[in-house]
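Trainee: Please find one structure pasted underneath; my questions will follow.
Values quoted throughout were computed directly from the atomic coordinates according to the rules given, and no laboratory measurement underlies them. Being a predicted model, the structure only gives us computed values, none of them experimental. Cβ atoms come from the backbone with ideal geometry, glycine included; neighbour counts cover every protein chain shown.
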Amino acid sequence: MGRQMNRRLRIWLVVSIVLAGLWATRKLPEHLRRVEFFQARQYEVEGNHYLTKEMVLELSSFPAGTSIFDDLGGVELRLKEHEMILNARVQSNWWPTKIVVTIEERVPLALVAEPLLVPVDREGNILPIDLGKYRLDLPLVRVKGNSEAQTEEEWDEDQVKAMVLELERLGLDNPFFTEALSEVAIDQDGNAEAILDRDVVLRFRPPLMNQVLNAGLAALEDVKRRRSTDAGIVIDLRFEDQVVVSYGEGGGW
């Protein structure tokens, strides 16, 4: 009987210690959060290119006396609301006591006229990048209206997004194409016209298969070697199983 009682007491003692430990583990950060020693003394920003450190910290809005034990999930949400930030992560370091903000910025892939030139990402979102400060060597994407009343300023966001995604896809497999590309326009019927090296026009209908693009670029190189005139070159890839080459000024609709 005595042994059974002692066994029960030992079990209750172990359970009590475990419960006390769990309670302390949950409550400890709340107490340490109030200790000045654990307040962040340094703030670092990583992954930023277009946004300055000062801008990121201002967006973060860390309150005075922020502790490394604070829940910083709200800061991440605030950062992700900014049109330039795709993703954000906020981490705390014990020693030295600092907070590190890591962001992933949206990447500009093209320019559109609104009517001033503005950069857009792969989803067609306008990015707040100062083109006077940053020189972006990106193609201009234009959407041609189907009536005289529709101007280029009234660009179709869905068509711009589709074309930017198309250029991104083509550039991954054929970087020469996107490097040489200065402008691409698409009309309401889905016909696209890309201007390469000022005197070369490439016409196609998205989605453009890589093998078709490669065939067109190969034909372009062959024509350049044999060309005896200064007239522009037009490469038309809109026809099945053939590349149509002609000469002309190009660039017109």
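Trainee: Fewest to most neighbouring Cβ within 10 Å: what's the order for E83, E44, E105, E76?
Mentor: E83, E44, E76, E105
Trainee: Nothing charged except the Cβ atoms of Lys and Arg (+1) and of Asp and Glu (-1): what's the magnitude of the dipole of segment 52-180 about its Cα centre? Round to the nearest 20 debye.
Mentor: 560 debye
Trainee: Per residue of segment 67-73, what does 6.51 cos²θ - 1.76 cosθ + 1.60 with θ = phi - 60° give for ³J(HN,Hα)? Whole Hz please, x for Gly and Pro, Karplus curve as stated.
Mentor: Result, ordered by residue: 9, 5, 9, 5, 7, 9, x Hz.
Trainee: Separate question: Nearest-5 percent of antiparallel DSSP beta bridges in segment 110-248?
Mentor: 70 percent
Trainee: At what distance in nm do the modelled label points of V107 and E46 sit from each other, each positioned 7 Å from its Cα along Cα→Cβ?
Mentor: With each label point 7 Å from Cα toward Cβ, the separation is 2.0 nm.
Trainee: For Cα pairs less than 8 Å apart in space and 6+ apart in sequence, what is the mean separation divided by the residue count of segment 110-248, i.e. the relative contact order in percent?
Mentor: 17 percent
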